[in-house]
Amino acid sequence: SLQVMGVSWLRVRHMRRHATPVHSAEVDALRQMLGIRERVGVLTAGDGVVPMACGILRPAILLPAESVDWSAERRRIVLLHELAHVERGDLATHLLARCALLLYWWNPLAWLAWREFLKERERAADDLVLRMGTDAPGYASHLLDIASAMQASSPAAVAMARKSELE
């Protein structure tokens with residue numbers, strides 16, 4: 001519903017406003033490697049935040065506070081995954097698809113298309129990470145570890161943690 005979209009937008013806006021900016025030369029290098037011209041900020045939010053890209057006009061990547069303890073490899077793959085969403089324009093298409101779902105909320109096929117859209121969007125980001133030379137089993141292991149750590153504190157991580165999806 002429109003109300004859910006509004007509440008979600010406000011939540012992300014609040015997280016972004018209260019997050020701590022982090023300068024990351026790694027993000028700049030990865031961004032250039034992917035051909036992303038606009039600057040992409042990196043912000044550290046509170047504990048339990050699921051890594052996410054946000055912002056259509058001013059894209060940024062929100063990372064959980066515990067990301068400072070991640071290995072360099074885990075940080076790289078998370079940043080690549082979120083940069084893939086920025087590079088593909090997923091933030092704008094997500095908004096467009098969500099608006100279409102609002103118009104056709106009564107149609108079960110719209111809900112099916114929405115779920116498939118979300119899955120394909122994540123698969124496309126995963127494919128980019130794998131094309132950049134990331135080991136597939138290691139990548140899946142990192143995703144499971146992150147999702148397991150976040151699951152207790154964030155409902156969004158529950159969807160991310162489905163083993164069948166990761167496989």
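Just to be sure, is VAL49 under 14 Å from the mean Cα position of the chain (by Cα) and modelled with pLDDT of 95 or more? Spell out the reasoning first.
Numbers: under 14 Å from the mean Cα position of the chain (by Cα): yes; modelled with pLDDT of 95 or more: no.
No.
Looking only at segment 1-58, filter to residues that are touching a residue at least 60 places away in the same chain (Cβ under 8 Å) and in a loop (DSSP other than H, G, I, E, B); which one of those is nearest to HIS85 (Cα to Cα)?
PRO51
Tally the residues that are more than 18 Å from LEU144 (Cβ to Cβ) and either open to solvent by less than 50 Å² (accessible area, probe 1.4 Å) or touching a Gly at 6+ places or on another chain (Cβ under 9 Å) (or both), restricting the search to segment 52-78. It would help to see each step written out before you state the result.
In the first step, residues of segment 52-78 are kept if they are more than 18 Å from LEU144 (Cβ to Cβ); the result is 53-62, 65, 68, 72.
Within this subset, residues satisfying the condition of being either open to solvent by less than 50 Å² (accessible area, probe 1.4 Å) or touching a Gly at 6+ places or on another chain (Cβ under 9 Å) (or both) are 53-56, 58-62, 65.
Here the count works out to 10.
Given the conditions (1) closer than 21 Å to ARG115 by Cα; (2) surrounded by 14 or more Cβ atoms within 10 Å (Cβ to Cβ); (3) not charged (D, E, K, R), report the number of the one that GLY6 does not fulfil.
(2)
The values are calculated or read from the model by the stated rules, or taken from the named source; none is laboratory data. The shown structure was predicted, so the numbers you read here are calculated from the model rather than taken from an experiment. Cβ atoms come from the backbone with ideal geometry, glycine included; neighbour counts cover every protein chain shown. Heavy atoms of the whole protein, side chains included, go into the accessibility calculation; ligands, DNA and RNA do not. Shrake-Rupley method; radii C 1.70, N 1.55, O 1.52, S 1.80 Å.
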